[in-house]
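Nothing in this text is a laboratory measurement; each read-out follows from the coordinates by a stated rule. From a predicted model like this one, the values you see are computed outputs, not experimental measurements. Ideal geometry is used to build each Cβ from the backbone, glycine not excepted, and the neighbour counts take in all protein chains shown.
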Amino acid sequence: MSQAEQAQVSRSVRNAWYLSTPALLILLVGAVGPLMIVLVYSFLLPGKYGNVEWGFSLDGWRGILFTKDIFDDTLVLADAHLTIFWRSIKLSLLTTVFTFLVGFPTAWFIATRTPKSRPIWLFLITIPFWTNLLIRTYAINEVIRTEGLLNTILMKLGLITTPLQIIYTDVAVFIGMVYVYLPLMVLPLFAAIDRFDMRLLEAGYDLYASRLQVLRRIILPIVKPGLIAGSILVFVPSLGAYVTPRVLGGGKQMMIGNFIELQFGQGRNWPLGAALSMLLLIVVTIALLVYVRYANREDANV
Amino acid sequence: MNAQNAVEARNTVKAFGQGDAQVRALNDVSVEIRKGEFFTLLGPSGCGKTTLLRLIAGFEMPTSGTILLDGQDITYLPPNKRPVNTVFQSYALFPHLTVAQNIAFGLQMLDKPAAEVKSTTEKMLALVKLEAMAGRKTSQLSGGQQQRVALARALAPQPKVLLLDEPLSALDLKLRKEMQIELKRLQTETGITFVFVTHDQEEALTMSDRIGVMSAGKLQQVGTAKDIYTRPVNRFVASFIGETNFLTATTEAGGARLATGDLIEVAGTTPGQRVTVAFRPEQVRLVTAGEAGAIPATITNLVYFGTDTHCHVALNDGTEVVARLQNPSTGDAGLAIGQTLALRFAPGAAQVVED
Amino acid sequence: MSDRAFQVSRLPGFATIAIGVFLALYIPIFTLAAYSFNTNISMSSWGGFSLDWYVKAWNNDQVKDATLRSLIIALWAAVISTAVATLAALGTTRRKAFKGQTFIYVIINQPLMVPEIVTAVALLIFFAQIKVITGYQGLGYLILAHSAFCVPFAYLPIRARLEGMDLSLETAAADLYATPWRTFRHVTLPLLLPGVIAGAMLAFVISLDDVVITEFVKSGGQDTLPTYMLGQLRRQMTPEINAISTALLVLTIALLTAFFLINRQNDKN
C-alpha cells in the first residue's frame with residue numbers, strides 16, 4: 001500500500017472510533033462499567049444495613065450454595081437457594097419448549113399467508129412484543145386470577161364449582177412467561193421459514209416423502225437456525241425474569257431475579273446479590289457463546 | 001507533457017488486499033487521453049477499466065503512479081475538487097430529489113448564483129429532452145430517462161472530462177442503440193472529453209475516436225477502431241474484438257510456413273521463429289481445389305447467418321479455420337459439407353501477433 | 001376447490017394452533033381494557049360501562065406526576081440514544097472491517113444480552129456511590145440509564161437503513177463537488193432520516209416500557225408510570241390500573257402503527 005492509501009485507511013478507522021465514542025461512553029457509564037463494580041462487590045463483606053464493607057471475602061460466592069448453621073457455624077447446603085435455582089431453570093426450559101411447540105405452527109402460519117396479508121399477521125405478533133411487559137403480565141393476571149376471566153367462564157359453564165387456584169403458583173409464572181416471551185420465539189422462526197423456498201416441499205412430496213418425513217427431513221433442518229435463535233431469545237430473559245414471577249408468583253414463587261433483588265432489599269446481603277448477578281451473567285454469556293459458535297458454523301456451511 | 005492531453009495516467013498501479021492475497025487491478029498502466037476526444041476503455045469484466053476510471057474520478061487512490069488532468073497532478077485530490085464528473089453504471093440518482101434538483105446539484109455545490117443554476121439546469125433539461133419531467137421524482141422515470149438525467153447531471157457543471165462507467169449496460173438493445181447515437185451527439189455538441197468504459201466491443205467500435213483495450217490490469221493496445229480491428233498487437237486484442245482465426249507457423253523468408261507445409265504471406269518477420277498468424281474470417285477467400293499457392297481444405301460445417309454464411313473448413317492437418325462469405329442476393333454459393341477446396345487471403349490480411 | 005387441493009405448505013392443525021395463539025395473545029389484553037370501563041370496583045363482576053376510572057386516574061396527582069416523568073425520561077432517552085446511535089451507525093457501517101469493530105458491536109448491543117436485573121443491580125450499586133459523592137439526586141440517573149439501554153434499539157434500524165443505502169449516491173455527491181459535510185447534509189442525512197425516526201420511536205417505546213432498571217435506579221418520589229403501577233399491584237388492585245394500562249397500550253400501538261406505516265412507505269420507495 002502506498003502512504004496515501006495507508007493514510008486513507010487509518011483516517012477511516014479513526015473516524016469510525018470518533019463516531020462511535022459517544023455511544024460507547026454512554027454505555028460504559030450507564031451499563032457496562034457498573035458491571036465491573038458488581039464483580040468487585042461480590043468479593044466484599046456485607047454491611048450491617050445493606051451496602052458493603054471494604055474487606056475481601058468469598059462469603060458472597062459461597063453463599064450461593066451454602067449457609068452457615070446458626071448454632072455451630074458449619075456450612076450446610078442451602079436448600080432454599082437450590083429450590084429457587086431449580087425453579088428458575090425448570091420454568092425457563094419449560095417456557096422455551098412450550099413457546100416452540102405453539103410458536104412454530106404460528107410462525108409457519110404467518111409465513112404461508114399471501115404476501116399482502118403477511119405483514120398484518122406479523123404486525124399482530126409484534127404489537128404484544130413491544131407492549132409494556134408489566135401490562136402484559138397484568139393482563140394475564142386478569143385472566144387467571146381467582147375471580148378472573150378463566151374461573152368465571154368455567155364456573156358459569158358449570159365445569160367447576162370452586163375457582164381454580166392458579167395465581168401465585170409455578171403454573172401461573174409459567175403461563176405468564178409463555179405469554180410474555182412467545183413473540184420472541186415466533187419472530188426468528190418466521191424469519192427462518194420466510195427464507196425457505198416452498199418448492200423444496202414440492203420436491204420432497206414429489207420424491208414420495210410422507211408429511212411426517214417432509215416435516216422431519218426438510219422442514220426441521222431449515223427451521224433449526226430460527227429455533228436456536230428463538231430459544232436463546234426466550235431462555236435468556238426467562239432465566240433473568242423479575243416482573244412476571246413477582247406479579248404472578250406473589251413473592252413466594254421466587255426466581256433468581258427476585259432472589260437477587262431480595263439481597264439488595266430485606267436480605268441486606270449485597271455481596272451475595274452481586275455474586276448471584278455475576279452467576280446469572282456467566283450462565284447467560286455461556287448460552288450466547290454457544291449460540292454464536294453455532295451461528296458461525298452455520299454461516300461457514302452456507 | 002503534451003498540452004493536447006486532457007487526462008494522463010502515468011505508471012499507475014492499484015493493488016487490493018495484502019500479501020499473497022494481493023491482486024493488482026491495475027498493473028503499470030500509462031495512457032494519454034486527448035482533449036475533446038471520445039476515448040473508450042474496452043475490456044472484459046475485471047480487467048481494471050473501471051478501476052482506472054475511479055482513479056481519474058478520485059474515488060480511489062493509486063498504489064503508485066500519477067494521474068494528471070490538463071497537465072496538473074491530481075493523484076491525491078479528493079473527487080469534489082476535481083473538474084471531472086461521472087455517469088455511474090447504476091446512475092446513482094438522488095432518490096429524494098426531483099429531476100431538476102438532481103441536475104442542479106453540482107452547480108449548487110459549486111455555489112453558482114441562483115440565476116445561473118436555473119438557466120443551466122433548463123439548458124441541460126432541453127439538451128437531454130426532459131423538460132416535461134423537471135418536477136418528477138427520479139423513481140418515476142423509465143430506465144432510459146434516468147440515464148439521461150444522469151448524463152445531464154454530470155454535464156451541467158461543464159466538467160473538463162466526463163467519465164462514463166458502462167452507462168448503457170442496464171438498457172435493452174433498442175434503447176442502447178438510440179443512446180449510443182445520443183451520446184455521440186452530446187459529445188460533439190458539448191466538445192467535452194468523454195472517457196467511456198465498456199465491455200461491449202460494438203459500442204466501443206461505433207462511438208469512439210480512440211479505444212484502449214485492457215486485459216488483466218494492463219493496457220494492451222491504444223488506437224482508432226480501425227487500427228485495433230485491422231492491426232491487433234496481440235492474440236488477446238485480436239480475439240476480444242471481432243472473430244479471428246489463429247494458426248501456428250514457422251517464419252521463413254517471404255512468409256510463414258504452416259504445419260501442413262503451406263506458406264502464408266506475412267510481412268516483416270525474422271525467419272526461423274514459431275509465431276501465431278492471425279486473420280479475420282471475412283479475409284478468407286474460397287477457391288477451387290488445386291489452385292496454385294492456395295491452401296487445400298475440406299468443408300466441415302456451414303452455418304447460415306442471413307447476411308452471410310460461416311464456412312468451417314479443416315486444413316490437411318485437421319486445424320480448423322472459419323471463413324465468412326457474404327450471401328448472394330439469390331441462390332446459394334453451391335457449397336456442401338465434405339467438399340474439398342482451397343483457401344486464399346487478401347494481400348496483407350494475415351499478420352503475426354504476439355501471444 | 002382450492003380447499004380440497006393438496007397444498008404443500010399446509011400442515012394439519014397448524015392453522016388451528018396459530019389462530020389459538022393469536023386469540024390467547026389478544027384476549028387478555030382486551031379483558032384488561034374491558035375492565036377499565038367497568039363501574040364496579042371489585043373487578044369480579046361487570047357493573048356497567050363508565051369512564052370513571054379514567055377520570056380518577058386523570059385526577060390522581062401521583063399518576064399525573066409519574067406520567068409526566070415517564071414522558072420526560074423517554075423523550076430525553078430517545079433523543080440522546082438516537083443521536084449517539086446515529087453517529088455510531090455512521091462509524092460502524094460501510095467501511096472496511098477494522099480492528100475493534102466487534103468490540104464496538106458487543107458494547108452497543110450489550111443491553112440486549114445482559115439480563116435486565118443484572119444491569120439494574122449494577123446501576124443501583126454504581127449510582128448509590130455517585131449519589132453519595134455528588135449529592136445529586138435528580139432525574140439524570142434515570143435518563144442516563146434509559147439512554148444506555150435504548151442505544152441498541154435506536155442503532156439497529158438506523159444501521160439497517162445505512163446498509164441498504166446505495167454507496168454510489170455519496171460518491172456521486174462528492175463527484176458533483178459536495179464537500180464531505182455537504183454530502184452528509186444534503187444526501188446522507190435526508191436518506192437516513194426515516195431510519196433515524198424509526199430508531200427514535202423504538203427508543204421512546206422501550207424507555208416508556210421499562211420497569212426493572214427504573215425500579216432499582218429511581219430515588220424516592222421518582223416513580224415512572226410503570227413503577228407506579230408495579231407499586232399499586234402490591235397493594236389493592238383497582239380498575240384505575242386498567243385505565244392507565246389501556247391508555248399506555250393505545251399510545252404504544254399508535255407509535256408502532258406509525259412505525260409500521262413509515263417502514264412500509266420506505267419499502268415501496
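Structure values in brief
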| item | result |
| --- | --- |
| The listed residue being among the basic types (Lys, Arg) and either surrounded by fewer than 18 Cβ atoms within 10 Å (Cβ to Cβ) or within 13 Å of chain C (Cβ to nearest Cβ) (or both), out of A:Arg87, A:Arg14 | A:Arg14 |
| Selection count, segment A:130-183, where residues are out of contact with any Lys or Arg (no Cβ under 7 Å at 6 or more places or on another chain), assigned to a helix (DSSP H, G or I) and among the charged types (D, E, K, R) | 3 |
| Evaluation of A:Glu147 against (1) at the interface with chain C (Cβ under 8 Å from one of its Cβ atoms); (2) under 30 Å from C:Phe14 (Cβ atoms) (one fails), failing number | (2) |
| Qualifying residue in segment A:233-242 (condition: crowded, with 20+ Cβ neighbours inside 10 Å and more than 30 Å from A:Val143 (Cα to Cα)) | no |
| Residue under evaluation B:Thr66, criteria (1) more than 30 Å from B:Ala238 (Cα to Cα); (2) surrounded by fewer than 21 Cβ atoms within 10 Å (Cβ to Cβ); (3) touching a Lys or Arg at 6+ places or on another chain (Cβ under 6 Å), criterion not met | (1) |
| Residues satisfying the stated conditions in segment C:148-173, i.e. acidic (Asp, Glu), surrounded by fewer than 17 Cβ atoms within 10 Å (Cβ to Cβ) and under 19 Å from B:Asp165 (Cβ atoms) | C:Asp166 |
| Lone unmet requirement of (1) surrounded by fewer than 18 Cβ atoms within 10 Å (Cβ to Cβ); (2) away from chain C (no Cβ under 12 Å) for A:Thr95 | (1) |
| Search result, residues across segment C:12-50 that are at the interface with chain A (Cβ under 9 Å from one of its Cβ atoms), part of a loop (DSSP other than H, G, I, E, B), farther than 18 Å from A:Phe98 by Cα and without any contact (Cβ under 8 Å) to a residue 60 or more places away in the chain | C:Pro12, C:Ser42, C:Ser44, C:Ser45 |
| Close pairs from segment B:109-123: first free of Cβ contacts under 8 Å to residues at least 40 places away in the same chain, partner among the aromatic types (Phe, Trp, Tyr), Cβ under 8 Å, at least 6 apart | B:Met109/C:Tyr177 |
| From B:Phe246, B:Phe236, residue being assigned to a helix (DSSP H, G or I), among the aromatic types (Phe, Trp, Tyr) and surrounded by 12 or more Cβ atoms within 10 Å (Cβ to Cβ) | B:Phe236 |
| The listed residue being out of contact with any Lys or Arg (no Cβ under 6 Å at 6 or more places or on another chain), among the polar types (S, T, N, Q), more than 25 Å from C:Met165 (Cα to Cα) and in a helix (DSSP H, G or I), out of B:Gln145, B:Gln180, B:Gln108, B:Gln101 | B:Gln180 |
| Residues (basic (Lys, Arg) and under 27 Å from C:Val217 (Cβ atoms)) located in segment C:131-168 | C:Lys131 |
| Segment A:99-119: number of residues that are within 9 Å of chain C (Cβ to nearest Cβ) and in a helix (DSSP H, G or I) | 12 |
| Segment C:76-90 residues that are in contact (Cβ under 8 Å) with a residue 12 or more places away in the chain, paired with ones that are crowded, with 24+ Cβ neighbours inside 10 Å and among the basic types (Lys, Arg) (beta carbon under 8 Å, 6 or more apart) | none |
| Any chance B:Thr269 is touching a residue at least 40 places away in the same chain (Cβ under 8 Å), closer than 20 Å to B:Arg231 by Cα and touching a Ser or Thr at 6+ places or on another chain (Cβ under 8 Å) | yes |
| The listed residue being surrounded by fewer than 12 Cβ atoms within 10 Å (Cβ to Cβ) and on the phi > 0 side of the Ramachandran plot, out of B:Gly254, B:Gly293 | B:Gly293 |
| Selection from segment B:40-56 of residues that are farther than 14 Å from B:Lys14 by Cα and surrounded by 22 or more Cβ atoms within 10 Å (Cβ to Cβ) | B:Thr40, B:Leu41, B:Leu42, B:Gly43 |
| Members of segment C:101-121 found to be farther than 27 Å from C:Leu142 by Cβ and either at the interface with chain A (Cβ under 7 Å from one of its Cβ atoms) or surrounded by 15 or more Cβ atoms within 10 Å (Cβ to Cβ) (or both), listed by number | C:Gln101 |
| Boolean, A:Phe43 is more than 9 Å from every other protein chain (Cβ to nearest Cβ), touching a Phe, Trp or Tyr at 6+ places or on another chain (Cβ under 7 Å), surrounded by 13 or more Cβ atoms within 10 Å (Cβ to Cβ) and over 26 Å from B:Phe16 (Cα atoms) | yes |
| Residues of segment C:69-100 classified as within 8 Å of chain A (Cβ to nearest Cβ), crowded, with 16+ Cβ neighbours inside 10 Å and of a type in the set (Gly, Ala, Ser), total | 5 |
| Residue among A:Val178, A:Val173 that alone is under 20 Å from A:Pro128 (Cβ atoms), at the interface with another protein chain (Cβ under 10 Å from one of its Cβ atoms) and touching a Ser or Thr at 6+ places or on another chain (Cβ under 8 Å) | A:Val178 |
| Search result, residues across segment C:174-211 that are over 30 Å from C:Ser245 (Cβ atoms), buried (at least 24 other Cβ atoms within 10 Å of the Cβ) and more than 7 Å from every other protein chain (Cβ to nearest Cβ) | C:Gly195 |
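Condition check ((1) among the polar types (S, T, N, Q); (2) touching a residue at least 12 places away in the same chain (Cβ under 8 Å); (3) surrounded by fewer than 18 Cβ atoms within 10 Å (Cβ to Cβ)) across all residues:
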site	(1), (2), (3)
A:Phe104	no, yes, no
A:Leu124	no, no, yes
A:Asn132	yes, no, no
A:Arg136	no, yes, no
A:Leu164	no, yes, yes
A:Ile175	no, yes, no
